[in-house]
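Asker: Quick one: this structure, given as structure tokens, is what I'll be asking you about.
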Amino acid sequence: MGTSVLSLRMDGELLERLRQHAAKRGMSVQDYVVRTLIRDDFDERFQAAVEETERFYGVT
């Protein structure tokens with residue numbers, strides 16, 4: 001799997017908040033943002049799988 005670059009423009013206040021959250025976890029801002037995006041993507045895919053399973057088994 002290759003890598004790509006995503007460039008974001010954000011105000012200083014948001015960047016500082018991201019720095020603080022990342023620092024609490026001993027991470028760079030880049031790593032923090034990537035992990036957050038991965039986690040959200042997993043959550044969405046997991047929820048979709050749960051909903052599909054419920055439809056399959058007729059759970060309401």
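The values are calculated or read from the model by the stated rules, or taken from the named source; none is laboratory data. Remember, predicted model here, so these are calculated numbers, not experimental data. Ideal geometry is used to build each Cβ from the backbone, glycine not excepted, and the neighbour counts take in all protein chains shown. Side chains included, ligands, DNA and RNA excluded: accessible areas come from the protein's heavy atoms. Shrake-Rupley method; radii C 1.70, N 1.55, O 1.52, S 1.80 Å.
Asker: Sorted by accessible area (1.4 Å probe), largest first, how do T3, T53 line up?
Answerer: Numbers: T3 135, T53 70 Å².
Accessible-area ranking of T3, T53, largest first: T3, T53.
Asker: A further question on this structure: Where Lys and Arg each count +1 and Asp and Glu each count -1, what net charge lies around R35 among other residues with Cβ under 12 Å from its Cβ?
Answerer: -1
Asker: Treat every Asp and Glu Cβ in the chain as -1 and every Lys and Arg Cβ as +1, leave all other atoms uncharged, and give the resulting dipole magnitude about the Cα centre to the nearest 20 debye.
Answerer: Using only the charged Cβ atoms, the result is roughly 320 debye.
Asker: Right, something else. Hey, of [x] 21, 42, 22, 11, 3; [y] 22, 46, 23, 8, 0; [z] 19, 34, 24, 16, 8, which did the structure itself give for P(r) over Cα pairs in 10 Å bins from 0, in percent when calculated?
Answerer: [z]
Asker: A further question on this structure: Roughly speaking, what is the stretch gain from D41 to E13, that is 0.36 nm per residue apart minus the C-alpha to C-alpha distance, in nm to one decimal?
Answerer: Residue separation times 0.36 nm, minus the Cα-Cα distance, leaves 7.6 nm.
Asker: Next up: Taking K and R as +1 and D and E as -1, what net charge do the other residues with C-beta under 15 Å from the C-beta of R25 add up to?
Answerer: Charge balance near R25 sits at +4.
Asker: So if each residue of separation counts as 0.36 nm, and I subtract the Cα-Cα distance between S4 and S28, what length gain in nm does that give?
Answerer: So the extension gain works out to 6.9 nm.
Asker: Show me, for the stretch 12-29, the HN-Hα J-couplings you get by feeding each phi into the Karplus relation (A = 6.51, B = -1.76, C = 1.60, θ = phi - 60°), rounded to Hz, glycine and proline as x.
Answerer: Values per residue, Gly and Pro as x: x, 5, 5, 4, 5, 4, 5, 4, 5, 4, 5, 4, 4, 9, x, 10, 7, 4 Hz.
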